[in-house]
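Some notes on the structure that comes next.
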2 protein chains.
Amino acid sequence: MLKIVKIGGNIVEDPGKIDKFLSDFASLKGDKILVHGGGVVATDMLKKLGYEPKMHLGRRITNPATLRVVTSVYAGVINKSIVAKLQKLGVNAIGLSGADGGFILSKRRSTVPINYGLVGDPTYVDTTLTRILLDLKMTIVAAPITLENTGSGQLLNTNADTVASAIAGAMAEMGVETELIYCFEERGVLLDMGDEDSVIPSINRNSYASLKDSGAIFGGMLPKLDNAFKAIDKGVARVVICSAGSILEPGCGGTTLQ
Amino acid sequence: MLKIVKIGGNIVEDPGKIDKFLSDFASLKGDKILVHGGGVVATDMLKKLGYEPKMHLGRRITNPATLRVVTSVYAGVINKSIVAKLQKLGVNAIGLSGADGGFILSKRRSTVPINYGLVGDPTYVDTTLTRILLDLKMTIVAAPITLENTGSGQLLNTNADTVASAIAGAMAEMGVETELIYCFEERGVLLDMGDEDSVIPSINRNSYASLKDSGAIFGGMLPKLDNAFKAIDKGVARVVICSAGSILEPGCGGTTLQ
């Protein structure tokens, strides 16, 4: 079972959390790929450089100056720090952006209704390169920067959840048994946002529709679950939404989507 | 003939120069590897972030905050911008730091007589990984950040000239016919620093000794030439020192060391 694990920017800069997570990740058996965000760190760097970070519905509006900063942060310090820590743990990690080896291509977002600027959504994952690196016993650490699919040579800022979903979906379509694990702040999808023990153990399409209708699931959780079901549509065996601290627990102690 | 080409930070941020160089580089036949610096960009970023860049004999003194910035700049924005531009030119580029796949390990410098901090000199290049990527028709774009050779998981800032020399030397020792091309501001090693037409066509060990004794070669050129002769000692067929604008000319229009 190939495991694609995604971690958010909130834990990559927390020394205690990231070290525990990477140690757990290192002990996962079998083929694995790590996808990381880094929005918190990028926002901090943008502010230090005197730029005004601009977001819309949780997605960053990316002008050329912002792209330079997020590329520095995501593909630079965050990616290489994770790779170095994994090497220390005996994992032969290799950090890639979507441009490297043409790993992930993306389509620039329409400028209507919101012009996000230099932002793209994945359209292609090089599963041959992925397979070669996995066969070499290497663990890809993917940064959420991709290459525009028009041959323009333009880097595009890309949401890490969609990167993870695209990799998992592409590998599943290749016939590889694949699991996608989204790690975030909570222990799973909560029935009641105010009660951290109200983790919903499993969600399918029908219950997802009901949970949306009742208003229990809303906001930033909606695109995450949409990405999850998109991966399932492509044949991903299982998607789990859980805390970064519990990936070694059965079912990662979180919410399973099937 | 495997060509290892090194470019400095001064051209990577000059849109006209870098585009012309990459176009020339793309048209080089056969296996090739690009190593880049980025000191100028890093110094600029450090200043914008309110840090005081510290150098000694042209080498950067690197504390943990400086390392974060140089890792962001070298392995992030510079490396990925070059990779994206090469992809546009039809070169299947893959950007690597020394940590990625354990590509380049280094020994932390002695703190005596100067404590450079988190700075290392290459001790090991993974020639197997290099060979595999070359056989996949991929072009490595190497950023001058390496991984400490003690298993510490520590990234180390590394001089790009030494990275290029180490890769060329290691490949030559593997039996690969290798050429090392150092691109810099001048057309070659000059006999008279004030006369840009005074390029010395070729230098060997004997003439190098004389040129040092006479004071014609001094300062920052000395470690560059020492790196060049170190590569030759390891079996590199030829080292050329030339301008980034002339890599397609016979002998790159520069100084050949043999």
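Values as computed for the structure displayed
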{"quantity": "Single residue of region A:49-59 satisfying the filter (more than 14 Å from A:T162 (Cα to Cα) and not aromatic (F, W, Y)) that is farthest from the chain's Cα centre (by Cα)", "calculated": "A:G50"}
{"quantity": "Checklist (1) under 19 Å from the mean Cα position of the chain (by Cα); (2) open to solvent by 20 Å² or more (accessible area, probe 1.4 Å) applied to B:V163, failing item", "calculated": "(2)"}
{"quantity": "Scope region A:19-48; condition open to solvent by 30 Å² or more (accessible area, probe 1.4 Å), within 13 Å of chain B (Cβ to nearest Cβ) and over 19 Å from the mean Cα position of the chain (by Cα); matching residues", "calculated": "A:D44, A:K47, A:K48"}
{"quantity": "Residue, least open to solvent (accessible area, probe 1.4 Å), within region A:49-62, restricted to residues that are of a type in the set (A, V, I, L, M, F, W, C) and away from chain B (no Cβ under 11 Å)", "calculated": "A:I61"}
{"quantity": "Enumeration of residues in region B:190-201 that are touching a residue at least 12 places away in the same chain (Cβ under 8 Å) and either exposed (fewer than 14 other Cβ atoms within 10 Å of the Cβ) or among the basic types (K, R) (or both)", "calculated": "B:D192, B:P201"}
{"quantity": "A:N92 being modelled with pLDDT of 95 or more, over 24 Å from A:E13 (Cα atoms) and open to solvent by 30 Å² or more (accessible area, probe 1.4 Å)", "calculated": "no"}
{"quantity": "Residue within region A:178-189 that is open to solvent by 10 Å² or more (accessible area, probe 1.4 Å) and either farther than 30 Å from A:G95 by Cβ or at pLDDT 95 or above (or both) present", "calculated": "no"}
{"quantity": "Set B:A75, B:A99, B:A65: member being within 12 Å of chain A (Cβ to nearest Cβ), within 21 Å of A:K80 (Cα to Cα) and over 20 Å from the mean Cα position of the chain (by Cα)", "calculated": "B:A65"}
{"quantity": "For A:T130: the one exception among (1) within 10 Å of chain B (Cβ to nearest Cβ); (2) buried (at least 23 other Cβ atoms within 10 Å of the Cβ); (3) assigned to a helix (DSSP H, G or I)", "calculated": "(1)"}
{"quantity": "Number of positions in region B:202-226 that are in contact with a Phe, Trp or Tyr (Cβ under 8 Å, 6 or more places away or on another chain) and crowded, with 17+ Cβ neighbours inside 10 Å", "calculated": "4"}
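The values are calculated or read from the model by the stated rules, or taken from the named source; none is laboratory data. Since the model is a prediction, treat every value here as computed from it, not as a measurement. When we count neighbours, we look across all protein chains shown, and the Cβ atoms used for this are built from the backbone with ideal geometry, even at glycine. Please note that ligands, DNA and RNA were not included when accessible areas were found on the heavy atoms of the full protein model with its side chains. Shrake-Rupley method; radii C 1.70, N 1.55, O 1.52, S 1.80 Å.
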